[in-house]
Amino acid sequence: MARMATRRRVVISTIGAWFFGFLIFFPILWMVLASFKTELEAFAIPPSFLFFQWTTENYATVQERSDYFHHAMNSIIIAGGSTLIALLIAIPAAWSMAFSPTKRTKDILLWMLSTKMMPPVGVLVPIYLIFKTFGLLDSRVGLVFILCLGNLPIVIWMLFTYFKEIPRDILEAARMDGATIGRELVYVLTPMAIPGLASTLLLNLILAWNEAFWTLNLSTSNAAPLTTFIASYSSPEGLFWAKLSAASTLAIAPILVLGWFSQKQLVRGLTFGAVK
Amino acid sequence: MATRQTQFLARSLLTPAVGLLFVWMIVPLALTLYFSTLHYSLLDPGSEAFIGLENFRYFLTDPAFLASLQNTLVLVGSVLALTILLGIPLALLLDQPVIGRNFVRLMVIAPFFVMPTVSALVWKNLLMHPVSGLFAWLASLFHLTPIDWFNDVPLFAVILIVAWQWLPFATLILLTALQSLDEEQKEAAEMDGASAVSTFIYITLPHLARPITVVILIETIFLLTVFAEIYVTTGGGPGLSTTNIAFLIYSQALIQFDVGSASAGGLVAVVIANIVAFFLVRIVGRNLEA
């Protein structure tokens, strides 16, 4: 009796979950399908779902336009560069707050958090003018710099919560054995911190890759990452749905894969440890 | 001795991060404050003059400000309502024994990883296009007149796109919270003959109160400054119907080149965001002590 009920429950919830999951995922799937259609078919009514002339022509076209690679490269440099620099600044800071906390540590952490809450549009004007003055508009250096600072609070917070979980006994044992702080850092702390470092790196790569306020406002062509490049398809003359879909699929594919790996850390990173 | 040395080291490790964030926070904000008191137009260089609070008076009494404030509130409120009202049942469903749950989770979380410009354009063209979009075709199947989304209900169209992007976030956080709920408590309630509904109301929902608050606060911070979705779909229009505060400030600064007024607007946006941030920081801070 009970088993019957359970089995029915599993069937119902499985059907429900798959249905709604598919519904939510559908726009992405539809985009991927459109990327394999011809422009005519992508536009056709009634739409064809699976039985159309599959073609990889759009991907070839997107690849031939060398500027796609240019923008993809910009995305890699900007997202990767800003994340790495943020990590370099954040690791010592988080390490220090996690292992030598003072009375003010909590205040400093909360203050860092509050800088993340400043709406970027509130400082758009001065940043734009500063960039203009120093010739940083449409430059990769400028975007690396801005995204690095923008994500720094999240990086510090995530690392802090991970470092906090490293048992302190181990550090004390190392100290008792006469390890210097440098050795402690290299041989004890780093190996234990690698999982936390990896997930912090991953989440921030995703955030920086998808960032679409500063990249849209501060880059036009030369330094434009994929966010800005895709936005250029919004102009009327860019009404090529199949090519837009192919370019979009290429732009989100790597990050979708990374994102799926890091979904557990996502909760922690984005809620600043408020939900576990 | 060693302790003092350690403390010194700890402080010097912390300094670069604190210093950078301090400069990052203070310098642009101070400049915004300064510009907001100037008559300063990029179209009319050299004519900068101190005009006190005139920019604020101009910005706050501009009909566009009231319209965009209203749009901002409607956008934030609707997306919050949609993501939470849909996120709770979805999280409850994913918390059930589901065959292939990990795969379903992947499908549900996916929209969050799509860059805003891509999701906005895919929805605008492939789904919401009044003639060739999928929704238009679906409507025609039921002999309904297709909706011209970005002309008839532009703000609602933007709301749908943004809600689709944030639903995964709400669901994932609520699901994480559900999974930390003590199963025994629920089982005990069921043993005592509590119905599924009362278990949900008296045990599950109170447990979700905190994560829901966190979702509301964090989403609000991000939703107050929705930009890319509006930028690539409607450009704030038609008229002002999809202009939110972020977009209004952007258009004053980079389209009309009115630095002074845009700076005043920027400060207004900072104040609004800080009201929300105040509560969020308090919640996170309480958690830090626990």
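Remarks
- Total residues in region A:42-67, condition of a type outside the set (Lys, Arg) and within 13 Å of A:LYS243 (Cβ to Cβ): 13
- For region B:277-286, the count of residues that are at pLDDT 85 or above, at the interface with chain A (Cβ under 10 Å from one of its Cβ atoms) and open to solvent by less than 40 Å² (accessible area, probe 1.4 Å) is zero.
- Test: residue in region A:187-204 that is buried (at least 16 other Cβ atoms within 10 Å of the Cβ) and not in a helix (DSSP H, G or I): no
- Selection count, region B:35-55, where residues are without any contact (Cβ under 8 Å) to a residue 12 or more places away in the chain and not in a loop (DSSP other than H, G, I, E, B): 1
- Residue match in region A:164-172 (condition: open to solvent by less than 20 Å² (accessible area, probe 1.4 Å) and of a type in the set (D, E, K, R)): no
- Selection count where residues are hydrophobic (A, V, I, L, M, F, W, C), open to solvent by 20 Å² or more (accessible area, probe 1.4 Å) and part of a loop (DSSP other than H, G, I, E, B), scope region B:179-190: 0
- Scanning region A:123-150 for residues that are open to solvent by 40 Å² or more (accessible area, probe 1.4 Å) and more than 17 Å from A:THR228 (Cα to Cα) gives A:ILE130, A:LYS132, A:THR133, A:PHE134, A:GLY135, A:PHE145.
- Only one of A:ALA253, A:ALA223, A:ALA208 that is more than 9 Å from chain B (Cβ to nearest Cβ) and open to solvent by 40 Å² or more (accessible area, probe 1.4 Å): A:ALA253
Condition check ((1) touching a strand residue (DSSP E or B) at 6+ places or on another chain (Cβ under 9 Å); (2) at pLDDT 90 or above; (3) of a type in the set (Gly, Ala, Ser)) across all residues:
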position	(1), (2), (3)
B:ARG101	no, no, no
B:VAL104	no, yes, no
B:LEU126	no, no, no
B:SER132	no, no, yes
B:ASN151	no, no, no
B:PRO154	no, yes, no
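- A:THR215 being at pLDDT 90 or above and more than 7 Å from chain B (Cβ to nearest Cβ): yes
Yes or no, residue by residue, for (1) within 28 Å of B:GLY285 (Cα to Cα); (2) out of contact with any helix residue (DSSP H, G or I) (no Cβ under 8 Å at 6 or more places or on another chain); (3) open to solvent by 80 Å² or more (accessible area, probe 1.4 Å); (4) among the charged types (D, E, K, R):
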| residue | (1), (2), (3), (4) |
| --- | --- |
| B:ALA177 | yes, no, no, no |
| B:ASP192 | no, yes, yes, yes |
| B:LEU205 | yes, yes, no, no |
| B:VAL215 | yes, no, no, no |
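- The helices (runs of 4 or more DSSP H) falling completely within region A:23-120 that include 1 or more residues that are within 9 Å of chain B (Cβ to nearest Cβ), closer than 30 Å to A:ASN151 by Cβ and not hydrophobic (A, V, I, L, M, F, W, C) map to A:66-99, A:105-116.
- Some residue of region B:124-142 being farther than 30 Å from A:SER75 by Cα and more than 13 Å from chain A (Cβ to nearest Cβ): yes
- Tally, over region A:151-163, of residues that are within 13 Å of the chain's Cα centre (by Cα) and either over 23 Å from A:MET192 (Cα atoms) or surrounded by 24 or more Cβ atoms within 10 Å (Cβ to Cβ) (or both): 2
- Test for B:LEU73: is it without any contact (Cβ under 8 Å) to a residue 12 or more places away in the chain, part of a helix (DSSP H, G or I) and either under 27 Å from B:VAL158 (Cα atoms) or within 21 Å of the chain's Cα centre (by Cα) (or both): yes
- Scanning region B:249-268 for residues that are outside any loop (DSSP other than H, G, I, E, B) and open to solvent by 10 Å² or more (accessible area, probe 1.4 Å) gives B:TYR250, B:SER251, B:LEU254, B:ASP258, B:LEU267, B:VAL268.
- Just one residue in the set B:ALA64, B:ALA81 is open to solvent by 40 Å² or more (accessible area, probe 1.4 Å) and of a type in the set (Gly, Ala, Ser); that residue is B:ALA81.
The values are calculated or read from the model by the stated rules, or taken from the named source; none is laboratory data. No experiment lies behind these values; they were computed from the predicted model shown. Backbone-built Cβ (ideal geometry, glycine too); neighbour counts: all protein chains shown. Calculation scope for accessible area: heavy atoms of the full protein, side chains included, ligands and nucleic acids excluded. Shrake-Rupley method; radii C 1.70, N 1.55, O 1.52, S 1.80 Å.
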